[in-house]
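This report refers to the structure that appears directly beneath it.
The values are calculated or read from the model by the stated rules, or taken from the named source; none is laboratory data. As the structure is a computational prediction, the values presented were derived from the model and not from experiment. As a convention, Cβ positions derive from the backbone with ideal geometry for all residues, glycine included, and neighbour counts pool all protein chains shown. Remember, those area values only see protein heavy atoms, side chains included, never the ligands or the DNA or RNA. Shrake-Rupley method; radii C 1.70, N 1.55, O 1.52, S 1.80 Å.
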Number of protein chains: 2
Amino acid sequence: MKMLEEKILLEGKILPGDVLKVDSFLNHQIDVSFSQEMAKEFKRVFADVKPDKILTIEASGIAIASFTAKEFGNIPLVFGKKTSASNMDDFYSAECKSYTRGTTYNIRVAKEYLQPNEKILIIDDFLATGEAFVALINICAQAKCEVLGCGACITKAYQEGEERLTKLGVRVHSLARIKNMENGKIEFCED
Amino acid sequence: MKMLEEKILLEGKILPGDVLKVDSFLNHQIDVSFSQEMAKEFKRVFADVKPDKILTIEASGIAIASFTAKEFGNIPLVFGKKTSASNMDDFYSAECKSYTRGTTYNIRVAKEYLQPNEKILIIDDFLATGEAFVALINICAQAKCEVLGCGACITKAYQEGEERLTKLGVRVHSLARIKNMENGKIEFCED
């Protein structure tokens with residue numbers, strides 16, 4: 001998605017530790033208009049599938065996933081929780097490592113919101129090591145749901161995440177794929 | 001908002017500890033169509049103000065706040081973070097107690113996303129003790145922003161939050177105000 005690549009070049013900042021900071025529009029401040037453009041692009045790319053639900057993970061995936069759910073005809077959105085709420089007792093759970101935070105946590109989804117045979121489209125802001133996507137796919141497998149695809153706004157294509165998902169037999173689409181960002185310069189994959 | 005009261009009666013569950021569980025449509029699974037109706041209602045109620053930005057807090061406020069930002073002409077949404085990201089170094093911070101989790105945490109907003117004199121509308125899913133709203137108002141004060149109002153989807157009107165905000169001189173509107181929910185029965189305030 002050319003618009004996204006341009007926005008990353010304009011607003012993204014490369015920080016030490018191979019971190020791409022895009023919190024001016026994607027994961028702290030949200031560019032609401034732009035999010036809707038990205039959601040429309042997900043709908044265009046996955047036009048051939050009919051998900052029953054969108055699945056994402058808190059927190060920064062929620063805005064883009066909300067608009068994507070709207071584009072797919074206002075289907076329900078479910079977001080995996082990273083912290084244990086006192087009022088959730090019957091849930092699916094999968095372990096997940098955070099690349100930027102250096103921590104491990106469990107993603108939880110209440111069983112009642114993923115029913116057997118439901119068709120799921122997973123949407124998130126970033127795909128790097130693939131930890132969050134793999135955990136959500138794992139949760140869908142526990143729930144006997146079918147994962148129709150994974151959509152990421154930004155993928156670090158030089159990391160293992162994309163390949164991990166492909167090896168699991170899951171269709172993946174990224175709106176922007178970064179080839180490398182060494183020496184302070186962001187280079188995108190040519191598709 | 002009659003529609004919301006009806007939905008709470010239909011789908012809400014009262015749990016021990018005075019917890020109202022509405023995670024079928026508001027804070028785990030999101031009813032995307034209904035969220036847009038609530039966002040339109042916030043726009044109708046706050047039609048006389050012109051916010052520069054919507055401010056909320058992760059995670060369950062993000063969906064409703066995203067749609068509200070859309071209703072206000074696609075203004076930016078900023079969400080306060082509950083965990084310390086390794087890549088956020090210059091931020092405003094305020095302490096907040098979680099009623100349902102029994103923990104205390106800091107809400108953080110990067111300084112660059114709240115500029116002096118910006119007009120802010122704060123939107124969140126729940127207003128009970130008012131901790132999160134007060135923390136966000138505190139952060140806006142640090143940033144020298146003007147808070148135009150606070151909008152909550154559901155307010156426990158029998159708790160102190162609403163009065164705390166009013167005492168701070170802030171305009172508050174709730175889409176549904178619960179008068180009490182003792183004995184397993186939810187009763188709404190008559191406005």
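Annotations for the structure displayed:
- Every pair of residues 6+ apart whose Cβ atoms lie under 7 Å, when the first sits in the range A:99-125 and is over 15 Å from A:ILE139 (Cα atoms) and at the interface with chain B (Cβ under 10 Å from one of its Cβ atoms) while the second is in a strand (DSSP E or B) and of a type outside the set (Ser, Thr, Tyr): A:THR100/A:VAL19
- Cβ-Cβ contacts under 8 Å between residues 6 or more apart (or on different chains), taken from a first residue in the range A:177-191 that is within 23 Å of A:CYS150 (Cα to Cα) to a second residue that is hydroxyl-bearing (Ser, Thr, Tyr) and open to solvent by less than 70 Å² (accessible area, probe 1.4 Å), are listed as A:ARG177/A:THR155; A:ILE178/A:THR155.
- A:ASP31 vs. criteria open to solvent by 30 Å² or more (accessible area, probe 1.4 Å), over 16 Å from the mean Cα position of the chain (by Cα) and more than 20 Å from B:ASN74 (Cα to Cα): no
- The range B:71-122, subset over 21 Å from A:LYS81 (Cα atoms) and at pLDDT below 95, residue surrounded by the fewest Cβ atoms within 10 Å (Cβ to Cβ): B:ASP90
- Residue count for the range A:173-182, restricted to those that are in a strand (DSSP E or B) and either of a type in the set (Ser, Thr, Tyr) or open to solvent by less than 40 Å² (accessible area, probe 1.4 Å) (or both): 4
- The test for being facing chain A (nearest Cβ under 9 Å), touching a Leu at 6+ places or on another chain (Cβ under 8 Å) and either over 23 Å from A:ARG108 (Cα atoms) or aliphatic (A, V, I, L, M) (or both) holds for B:ILE30.
- Only one of the listed residues (A:GLU131, A:GLU190, A:GLU182, A:GLU163) is in contact with a strand residue (DSSP E or B) (Cβ under 7 Å, 6 or more places away or on another chain) and of a type in the set (D, E, K, R). That residue is A:GLU131.
- The range B:35-56, subset open to solvent by 20 Å² or more (accessible area, probe 1.4 Å) and within 11 Å of chain A (Cβ to nearest Cβ), residue nearest to B:PHE79 (Cα to Cα): B:GLN36
Conditions tested, residue by residue: (1) under 16 Å from B:CYS150 (Cβ atoms); (2) at the interface with chain A (Cβ under 8 Å from one of its Cβ atoms); (3) out of contact with any Ser or Thr (no Cβ under 7 Å at 6 or more places or on another chain).
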| residue | (1), (2), (3) |
| --- | --- |
| B:GLY12 | no, no, yes |
| B:ASP23 | no, yes, yes |
| B:ILE64 | yes, no, no |
| B:ASN74 | no, yes, no |
| B:THR83 | no, yes, yes |
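- Note on the range B:126-165: among residues that are part of a loop (DSSP other than H, G, I, E, B), within 14 Å of chain A (Cβ to nearest Cβ) and touching a Phe, Trp or Tyr at 6+ places or on another chain (Cβ under 8 Å), the one that is surrounded by the fewest Cβ atoms within 10 Å (Cβ to Cβ) is B:ALA143.
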